[in-house]
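Below you'll find the structure, written out as structure tokens, and then a few comments.
The values are calculated or read from the model by the stated rules, or taken from the named source; none is laboratory data. None of the values given here were measured: they were computed from a predicted structure. For neighbour counting, all protein chains shown are included, and Cβ atoms are generated from backbone atoms with ideal geometry for every residue, glycine included.
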Amino acid sequence: MNCAAIPEHLLESELFGYAEGAFTGAKKGGQVGKFELAHNGTIFLDEISDMSVTMQAKLLRILQERELTPLGSSQAKKVDVRIIAATNIKLEEAVRDGKFREDLYYRLNVMALSIPPLRDRTEDLYFIVNHFLDSFNAEFGLEVQGLEPEAWDALKAYHYPGNIRELRNIVESAFNVVTGPSIRREHLPYHIRQLSAPPREARPYVEAEGFLADVGRRPLQDILEGLERQILEKALQQVDGNKLQAAGLLGISRPGFYKKLQKYGMV
């Protein structure tokens with residue numbers, strides 16, 4: 001239930017239900033609320049900070065007394081519901097400003113999961129973008145395989161004030177203009193291209209020259225494994241040892257990256 005998407009005068013009836021004749025236009029026989037439907041289960045309250053103080057008091061009663069009273073009824077009903085709540089603001093500040101009940105905050109805050117904004121976890125870009133690629137490939141009937149390096153550089157340089165929703169919009173926008181198997185930098189929205197780093201220059205692979213000298217002296221598998229180990233070490237060096245970022249830098253999954261580290265005794 002998105003608490004911000006429903007008008008306050010309707011939110012109570014949606015959450016707690018109502019009895020027959022509770023108000024003009026009420027359904028015959030009344031309506032079961034979301035909390036009653038979630039009995040012995042879980043209800044997810046999104047944007048809970050937008051809930052009015054009056055509704056917060058009624059929610060607190062459900063948490064403490066395990067019962068609710070439908071709108072227009074005098075009969076309380078017992079409910080056993082697990083609540084997961086989410087908000088995009090700092091509830092501690094809302095409590096301090098008197099916009100959110102302190103007792104409800106502490107009753108809800110049994111276990112808190114803080115999800116940082118996208119700009120603070122750019123190492124997740126690779127995994128989120130690939131999820132969107134799979135989604136839009138199915139929706140558009142395309143077979144886009146990924147992004148070219150310059151496009152990745154552009155995405156990593158942006159700060160995403162609109163968070164995940166903005167990233168989804170960026171990828172969808174690219175899908176509307178892409179003409180090949182890969183999304184290029186010019187397929188991204190103009191403001192992303194303008195704020196991003198300039199295209200990377202081609203660099204000679206100096207490190208590989210030593211391995212080429214081993215051709216004919218060592219088995220191919222040994223040469224490839226030596227090169228792969230150096231690539232892993234270089235990736236870790238560039239991200240100060242952050243394994244999740246290194247995996248994203250190489251375009252592989254985190255489990256796959258750890259598997260390679262274990263292979264070479266680098267864990």
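Note on the stretch 131-163: residues that are of a type outside the set (A, V, I, L, M) and in a helix (DSSP H, G or I) amount to 14. Selection of the stretch 52-67 for residues being of a type outside the set (Val, Ile, Thr), touching a residue at least 24 places away in the same chain (Cβ under 8 Å) and in a helix (DSSP H, G or I) yields Met55, Gln56, Ala57, Lys58, Leu59, Leu60, Leu63, Gln64.
When the stretch 35-51 is filtered for residues that are surrounded by fewer than 13 Cβ atoms within 10 Å (Cβ to Cβ) and assigned to a loop (DSSP other than H, G, I, E, B), only Asn40 remains. For the stretch 68-96, a residue qualifies if it is free of Cβ contacts under 8 Å to residues at least 24 places away in the same chain, loosely packed, with under 14 Cβ neighbours inside 10 Å and in contact with a Lys or Arg (Cβ under 8 Å, 6 or more places away or on another chain), and exactly one does: Lys78. Of all residues in the stretch 12-36, those satisfying the criterion of being of a type in the set (A, V, I, L, M, F, W, C) and under 27 Å from the mean Cα position of the chain (by Cα) are Leu15, Phe35.
Of the candidates Thr42, Thr87, the single residue that is at pLDDT 90 or above and touching a Ser or Thr at 6+ places or on another chain (Cβ under 6 Å) is Thr87.
Yes/no per residue for (1) at pLDDT 85 or above; (2) of a type in the set (A, V, I, L, M); (3) not assigned by TED's automatic domain parsing to the domain that holds Gln145:
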| residue | (1), (2), (3) |
| --- | --- |
| Leu212 | no, yes, yes |
| Gly216 | no, no, yes |
| Gln221 | no, no, yes |
| Leu232 | yes, yes, yes |
| Leu236 | yes, yes, yes |
| Leu244 | no, yes, yes |
| Ala247 | no, yes, yes |
| Leu250 | no, yes, yes |
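Given the condition more than 30 Å from Val171 (Cβ to Cβ) and not in a helix (DSSP H, G or I), answer yes or no: does some residue in the stretch 119-130 qualify? No, there is no match, as no residue in the stretch 119-130 is more than 30 Å from Val171 (Cβ to Cβ) and not in a helix (DSSP H, G or I). When the criteria are applied in full, Gly21 fails the requirement of being buried (at least 18 other Cβ atoms within 10 Å of the Cβ) and on the phi > 0 side of the Ramachandran plot. Filtering Ser13, Ser49 for residues that are out of contact with any strand residue (DSSP E or B) (no Cβ under 8 Å at 6 or more places or on another chain) and small (Gly, Ala, Ser) leaves a single hit, Ser49.
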